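Please read the structure below before turning to the comments.
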Amino acid sequence: MAKTIREINERIRTGTAVILTAEEIIGMVKEKGVAETARNVDVVTTGTFGPMCSSGAFLNFGHSTPGIRMNKVWLNDVPAYAGIAAVDAYLGATEMSETLGMQYGGAHVIEELVAGKDVELRAESYGTDCYPRRKIRTTINRNNINQAYMFNPRNAYQNYSAATNSTEKIMYTYMGTLLPKFGNVTYSTSGELSPLLNDPEYRTVGIGTRIFLGGTQGFVAWEGTQHDPGQVRLENGTPAAQAGTLAVIGDLKKMDSRYIRAAVYEKYGVSLFVGIGIPIPLLDEDMVRRTAVTNRDIMTQVVDKSGRENLNLRVTYEQLHSGSIEINGKKVSTAPLSSLKMAREIAANLKGWMEKGEFLLTEPVAPLPMHTTRLNRLEIRGDFHEDR
């Protein structure tokens, strides 16, 4: 029997909804079967906590007296983009400090703002009749600025590729340190707990979907940058490569620094770990089958980050979680960049919010694209040459 989001929300309000995490649904389907699970369970909660470089925050600082039209802004010596309006700025997570370099960046400032810490604001201007001040230096925190909301252009990759290195030298990458001669493999997806792997064709996740974001409620704002659902898909609908992404938005002032954490990748730069959880309403038996997907059923590709070899290798998350896979007959250690422990915590917290009636489902106002052309590649044209 099919259900509607409205019906499920009424059960959440009255405390009668049955909610399981994406790991718990697997056991129930195995024990009770798809049909009975569909009758008795209303929502499955998912979670992921990993590095999501394409993240940042819009900030409105408020006006000074006399006023300033900020055209250059620094927060704890990290540049923010001020080409918006007089006292608005966007702070990117991967922007680096002008004095500390890749040891400190936008991600650290965001984490400190979320934690309620003071941050030094420094700004410069060319001066105008209406905004005559040319310089300002002060201290801000999340309580004394107007708006502070995260807008992350690309989060929650549906199925990120695993990484390795075929060369004779160590590679320092956004996928961590990759040892020479296929010395290790890193990966960054929570597998059977991952949000978009539990709704692989975006039947219930779309623009306007309410989500867990950084410890508070947020929303899917748009398809994420590099959204590319037209990947090879397995029989269960899950993609065997990266596929979909989400642009997400939420109130930074309400977030918890446990779920928004800065990270430094050696000789690469700064990133931001973001906690995201999405509830998947079980509208029918098909959705039950999708959410009962296991690590054994989900595959990803292994990519040589040097670009030297085309491995043409796909492995399951069960294999990745085992601690090793085989590449060209060699046993290679695997290691996650994302935290399975935190993903489980996020899914459990979201379940708890819904059981208390504190978190309701939303109907998407528009679907995410399911069929798109392949992503464009940047080409060097005319007389320009690559500078390496």
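We did not get these values from a lab; they are worked out from the coordinates using the rules stated. Quick caveat: nothing in here was measured; it's all calculated off a predicted structure. So basically every Cβ, Gly included, is an ideal-geometry build from the backbone, and we count neighbours across all protein chains shown.
With the cut-off at 1.5 for a/c, could you classify region 95-234 from its C-alpha gyration tensor as rounded, prolate or oblate? Oblate. A straight chain from Q147 to E309 at 0.36 nm per residue would run longer than the Cα-Cα distance by 53.6 nm. Neighbour counts of other Cβ atoms within 10 Å put T167, T94, T204, T372 in the fewest-to-most order T372, T167, T94, T204. Full extension of the chain between T128 and Y172 gives 11.3 nm of extra length, using 0.36 nm per residue less the Cα-Cα distance. Under 19 Å of direct C-alpha separation, and excluding same-chain neighbours fewer than eight residues apart, K253 reaches these lysines: K117. Counted without the sites themselves, the longest stretch of the chain free of GluC sites (Glu not before Pro) in a DSSP loop having at most 11 other beta carbon atoms within 10 Å is 1-97. Qualifying trypsin sites (Lys or Arg not before Pro) in region 282-372, where qualification requires a DSSP coil assignment and no more than 15 other C-beta atoms within 10 Å, comprise R308, K356. With contacts taken as Cα pairs under 8 Å and at least 6 residues apart, the chain reaches a relative contact order of 24 percent. Under 16 Å of direct C-alpha separation, and excluding same-chain neighbours fewer than eight residues apart, K169 reaches these aspartates and glutamates: E266, D304, E309. Fully extending the segment from R381 to N40 would add 116.9 nm, taking 0.36 nm per residue of separation and subtracting the current Cα-Cα distance.
To the nearest 0.05, what FRET efficiency results for A240 and Y81 with a Förster distance of 41 Å applied to their C-beta separation? It comes out at approximately 0.70. Helix 340-355 and the long axis of the chain differ in direction by around 80°, with both axes built from C-alpha atoms.
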